[in-house]
Amino acid sequence: MKLRIAFQVLALASVSLVDLRANAADVLCADETPAATSVEKPVLFLEKSPVIVKYQLGRLSNDQLLLADRETTHPKFIPLWEAIMARPGIAVKLRSEAADALAKLNKSDVPGELLAGIKRATASAPVVAELSKLLVTQKPEDLKKSQAALEALAGGEGPDAARQAAFAALIGIQSADALWAFAQGREGALAHLAAGLPLAPDGSKRAAFASKVLSLLAPGTDAATRKAAISAAVKIPGSEAFAFAAIAKVIASGTEVPTAARALLALPRDSWPDAAVRPLAAALLEQAKNVPAPQRTENDFLDIQQLGFQLAAKLPKDAALPVRKSFSGLGVNVLRLGTLHEQMFFDKIQLVAEAGKPVELVFQNSDAMQHNWVLIQVGAADEIGLAAEKMLPQPDSQGRLYVPASPKVLQATKMLNPNDTFRLRFDAPKEPGDYPFLCTYPGHWQRMRGILMVVPDLDAYLAEGHTEPAAPVITEWKLADLEPELLKLAKGRDFAKGKALFTTVGCIACHKIGADGVLWGPELTGVSAKYKGDAKAVLGEILEPSKNLEPRYRPVEFTLGNDDPFTGFLIKAEADTLTVQTGPGESMVKKFPKKDIKSRSSSSSIMPPGLLNLLNKEQILDLLAFLQAGGDAKHAAFGK
């Protein structure tokens with residue numbers, strides 16, 4: 001079994017994939033003695049015939065392709081940029097860069113190049129989906145130039161994702177009446193228009209389609225179009241009440257019930273009409289009872305059940321409890337937990353279960369990094385997290401990595417790769433309490449944590465007005481959002497809160513400030529002096545961690561002779577060995593014989609973006625003050 005010993009670090013020093021690829025040759029030459037490597041900067045002859053150029057590029061791996069010299073000054077580089085745009089496994093940022101480069105080289109525009117790229121990549125659904133998302137983000141004035149091509153794609157027979165994105169782009173440049181008439185004249189196009197509607201960034205443009213989309217929810221509409229319209233209806237600003245009523249009728253009719261349930265769950269709870277809640281709960285319960293028992297742990301039923309719980313929470317207490325019990329009695333308590341893509345957070349920080357009752361955890365890892373889920377005895381989170389940091393990457397008897405052999409570990413999953421799903425059945429702890437859960441991958445546990453609330457009676461607990469746990473509130477902070485607040489750093493900050501955030505945000509897992517933390521990422525005690533007291537510069541490094549990278553903290557991907565890959569910081573290269581740090585702590589600094597290294601190449605950035613996305617402005621300022629003070633409680637920032 002391949003073990004990926006990655007160290008996805010929360011480091012202020014990180015790097016963009018573009019910078020990494022551009023500087024990969026420096027990494028590969030970190031020592032001057034020969035080392036086994038299968039990734040070298042390729043020599044390309046781009047002025048040969050198109051057949052020869054295509055052959056050359058086709059032989060390159062993604063790593064080799066991105067190591068190649070590329071410019072926007074000579075047409076000979078066009079095939080190289082086209083290959084970068086069309087290759088599976090290439091970062092979206094690089095596809096965007098390729099579209100910009102091709103627009104310059106071809107004297108065209110980015111939307112036109114994205115459309116051309118979609119046509120070239122029709123055999124790869126993931127590439128088409130990524131290019132389609134980029135297409136939707138282009139400015140309306142630029143999209144207008146490609147209107148004819150967008151209409152040809154939207155009304156044609158291309159991939160679904162591409163047709164939907166084309167309609168989303170057209171929504172921004174055409175009237176609702178004109179685009180609706182266009183779609184009605186082409187078979188199957190209304191379904192793609194409805195599916196593309198939520199992708200359109202302009203809410204006022206989406207709102208113009210309200211009556212048209214809601215009309216598609218009526219009986220008689222074909223199934224594909226009706227499903228798309230149900231999902232689109234809840235994304236139309238100002239029509240929430242109408243959407244709720246129309247979708248409630250769909251549920252009562254017994255058609256597309258799971259799709260309708262998912263749609264209503266996407267509507268803000270305060271938009272649900274109080275008078276409609278009780279009848280909808282009754283209708284939904286009848287539909288839930290019709291689901292065969294073996295299917296009651298599948299996502300379609302869980303969405304129906306989840307909507308039932310949310311409806312019960314909107315009812316008065318005396319009516320809520322029986323409704324809640326009716327839905328929960330139809331199946332085992334299923335807890336669904338995911339990860340936030342490239343955020344290094346669980347998508348819920350609180351789960352609820354009933355003491356001693358069976359539970360099924362459905363854990364889906366949608367992140368680009370490996371994660372696990374470990375349930376821990378009350379009060380033992382730090383102990384288990386620190387123990388996991390010191391473990392070698394060796395699986396236990398159940399094939400689990402970084403799960404300490406301790407009676408304080410109550411339950412645990414295996415390490416999940418990106419896009420993996422794992423189901424774990426267990427009995428909740430018998431004693432009520434707040435049981436912490438973590439991802440124990442080294443460097444993750446300080447940041448990826450939550451609580452399983454074990455209560456005596458789950459239905460009674462939720463009927464008392466407690467709602468189902470929701471996803472954490474994420475704010476995509478930009479430097480421009482926070483720069484005006486930096487004047488507040490001068491005084492009045494809270495030292496205790498700043499220090500606590502240094503731990504809970506996860507900085508402490510990789511950095512040291514004063515006596516706190518570990519030296520894995522850069523030392524932060526003198527970070528203010530390093531940036532000459534410029535708080536904006538320090539904040540910029542946190543918000544844009546891929547902007548700069550110190551050579552000491554440049555990640556390198558290695559592959560051993562047995563094909564086991566691992567990632568680490570190259571600390572020292574000697575005649576016969578490489579010293580690599582693969583995680584925090586001394587136990588993660590290892591020497592590898594060069595003869596055992598099959599290949600090594602620069603890696604993409606390992607710091608997840610959005611380090612501050614769970615914090616509000618005041619919390620960010622307290623953390624920033626703590627960093628600027630170097631952990632000194634007597635700093636002027638903490639005075640009145």
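Worth a mention:
- Positions within segment 617-634 being free of Cβ contacts under 8 Å to residues at least 24 places away in the same chain and either closer than 12 Å to residue 494 by Cβ or assigned to a helix (DSSP H, G or I) (or both), in sequence order: 618
- Those residues of segment 148-182 which are farther than 26 Å from residue 123 by Cβ and surrounded by fewer than 22 Cβ atoms within 10 Å (Cβ to Cβ), in sequence order: 172, 173, 174, 175, 176, 177, 178, 180, 181, 182
- The single condition among (1) touching a strand residue (DSSP E or B) at 6+ places or on another chain (Cβ under 7 Å); (2) closer than 19 Å to residue 455 by Cβ that residue 313 does not satisfy is (1).
- Test result for residue 295, touching a residue at least 60 places away in the same chain (Cβ under 8 Å) and of a type in the set (S, T, N, Q): no
- Conditions (1) more than 22 Å from residue 305 (Cα to Cα); (2) modelled with pLDDT of 90 or more; (3) hydroxyl-bearing (Ser, Thr, Tyr); number of the one not met by residue 339: (1)
- When residue 385 is tested against (1) part of a helix (DSSP H, G or I); (2) more than 16 Å from residue 412 (Cα to Cα); (3) in contact (Cβ under 8 Å) with a residue 60 or more places away in the chain; (4) not charged (D, E, K, R), only condition (2) is not met.
- Residue match in segment 101-111 (condition: under 24 Å from the mean Cα position of the chain (by Cα) and free of Cβ contacts under 8 Å to residues at least 24 places away in the same chain): no
- Each residue in segment 399-447 was checked for being small (Gly, Ala, Ser) and free of Cβ contacts under 8 Å to residues at least 60 places away in the same chain, and 4 pass.
- Among the residues of segment 434-461, those identified as part of a strand (DSSP E or B) and under 30 Å from the mean Cα position of the chain (by Cα) are 434, 435, 436, 437, 438, 449, 450, 451, 452, 453, 454.
- Within segment 220-234, the set of residues being under 17 Å from residue 188 (Cα atoms) and either part of a loop (DSSP other than H, G, I, E, B) or touching a strand residue (DSSP E or B) at 6+ places or on another chain (Cβ under 8 Å) (or both) comprises 220, 221, 222.
- All positions within segment 571-595 that are over 19 Å from residue 390 (Cβ atoms) and surrounded by fewer than 20 Cβ atoms within 10 Å (Cβ to Cβ): 572, 573, 574, 575, 576, 577, 592, 593, 594, 595
- Some residue of segment 559-570 being assigned to a helix (DSSP H, G or I) and either among the aromatic types (Phe, Trp, Tyr) or over 30 Å from the mean Cα position of the chain (by Cα) (or both): no
- Top-ranked residue in segment 527-570 [being under 30 Å from residue 596 (Cβ atoms) and aliphatic (A, V, I, L, M); ranked as surrounded by the fewest Cβ atoms within 10 Å (Cβ to Cβ)]: 560
- Condition check for residue 305: touching a Phe, Trp or Tyr at 6+ places or on another chain (Cβ under 9 Å) and polar (S, T, N, Q): yes
- Helices (runs of 4 or more DSSP H) wholly inside segment 120-181 that include at least 3 residues being among the aliphatic types (A, V, I, L, M): 125-136, 147-154, 160-171
- Scanning segment 221-251 for residues that are of a type in the set (Phe, Trp, Tyr) and under 29 Å from the mean Cα position of the chain (by Cα) returns a single hit, 244.
- Single residue of segment 499-536 satisfying the filter (in a helix (DSSP H, G or I) and more than 26 Å from the chain's Cα centre (by Cα)) that is nearest to residue 628 (Cα to Cα): 528
The values are calculated or read from the model by the stated rules, or taken from the named source; none is laboratory data. Since the model is a prediction, treat every value here as computed from it, not as a measurement. Positions of Cβ are backbone-derived with ideal geometry, glycine not excepted, and every protein chain shown enters the neighbour counts.
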